[in-house]
Structures are given as structure tokens and as C-alpha cells.
Amino acid sequence: MTIQVGDKIPPVKLKAVGEGGAKDVTTDEIFAGKKVVLFAVPGAFTPTCSMKHLPGFVDQASQIRAKGVDTIACLSVNDAFVMDAWGKAQGVGGKVLMLADGNGDFTRAVGLELDGTGYGMGRRSQRYALIVQDGVVKHVAVEASGKFEVSRAEAILAKL
């Protein structure tokens, strides 16, 4: 079942690259006691994700943070090193936390898996964005197939 407003974020380990390399980061570490915007993309370095989705959140980061958001995070079913390289290629700096859901554990737990096998991409994440306060979902924006409207940075900024 797809995650809904009022649901708690499930306890899952993700990966992020820091100074010492790839490390585990739990959803509790990311969401507990914080206001977080999490957006997910089908794949790092893919066209819409690289030309519109991630750049939108990088460009709007200061406006989003001005609404009381502690963390802006980008999640994809890619490994931590790919997410790190993509963040560097996009000039993310410290504006967006790049999270790897390499095995798709989080993506399945929130019910937002995408079957991209027809495109040679395997199992991935749908394109979506969540607004989460202290681990509780306050807003869910899942894109219809092939669309890029409700999960873009400007749409999420309007919901904050």
C-alpha cells in the first residue's frame, strides 16, 4: 500500500557518502525531530531527473529552507557512489542530501516501486515528493506515469 498522509516513515537503512565513504543512515536519523522534504526519482543521471527534478530543488533550496525545512533529500534506487557522483555533477553542495536506496528497501516499504524492466532499468522508484514532520507524512505528491508536475520543487514549495 502506498504511504499516505498521517503515516509514519518506515524504519529503513539507506546509504549516503560522507567524508569517510559510504555509510548507513537510518530513516530515524533523517526524519526524527525534523521537517524534511524528500523527493524520489527513477534514476540518477536520467533526463528529467537531471535536467529538471534535482536542479529545481537545488535552485529552490533557500526558499524551501526558509519555510522551516531542516533537510531536503533526494532518493533513488541507485548505489551511494552513483548518488554522490550525480550530486557532484549537479553542483548540489550541501543543499540536498543524496540518499541511495540501493536495494529498493525504502521504496518498497512506502509502496512506490516502479517496474522499469521494460526500459532496461529494473525495479526503481516512482517519481514523488513527501513533506515529513518528525517522521510523520504531512503531504504526498506522486507523479502520474510520464508526468513531472506535483513533485517538482515549485509545487512542493507551494505546499509548505
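None of the figures in this text is laboratory data; all of them are computed from the coordinates on show. Just so you know, these numbers come straight off a predicted model, no measurement behind them. Heads up, the Cβs are rebuilt from the backbone with ideal geometry, glycines too, and the neighbour counts pull from every protein chain shown.
Relative contact order, whole percent, for segment 94-155 stands at 19, derived from Cα pairs under 8 Å and 6 or more residues apart. A Förster radius of 35 Å combined with the Cβ-Cβ distance from Glu154 to Lys88 puts the calculated FRET efficiency at roughly 0.90. Its Cα centre serving as origin, segment 1-97 has a Cβ charge dipole (Lys and Arg +1, Asp and Glu -1) of approximately 240 debye. Cross-link pairs exceeding 18 Å between alpha carbons, from the set Lys138/Lys159; Lys8/Lys52; Lys23/Lys67: Lys8/Lys52; Lys23/Lys67. Here the label points at Ala32 and Val5, each 7 Å from Cα along the C-beta direction, are separated by 2.7 nm in the simple model.
Each of Gly146, Asn78, Gly43 was scored by the projection of its Cα onto the charge dipole of the chain, and the greatest displacement toward the positive side belongs to Gly146; charges sit on the C-beta of Lys, Arg, Asp and Glu.
Computed about its Cα centre, the charge dipole of segment 52-160 is approximately 260 debye, with only Lys, Arg, Asp and Glu carrying charge at their Cβ. Across the options Val132, Leu99, Thr2, the greatest Cα extent toward the positive end of the charge dipole of the chain (unit charges at beta carbon of Lys, Arg, Asp, Glu) belongs to Val132. Spacing of the modelled spin labels on Phe81 and Arg65, each 7 Å from Cα toward Cβ, amounts to 3.0 nm. DSSP finds beta bridges in segment 13-159, and of those with both partners inside it, around 70 percent are antiparallel. Only one of [x] 47; [y] 43; [z] 53 was calculated from the structure for percent of Cα pairs over 20 Å apart, and its label is [y]. Give me the distance between the Cα centres of segment 94-148 and segment 1-42, rounded to whole Å. Distance between centres, Cα-based: 11 Å.
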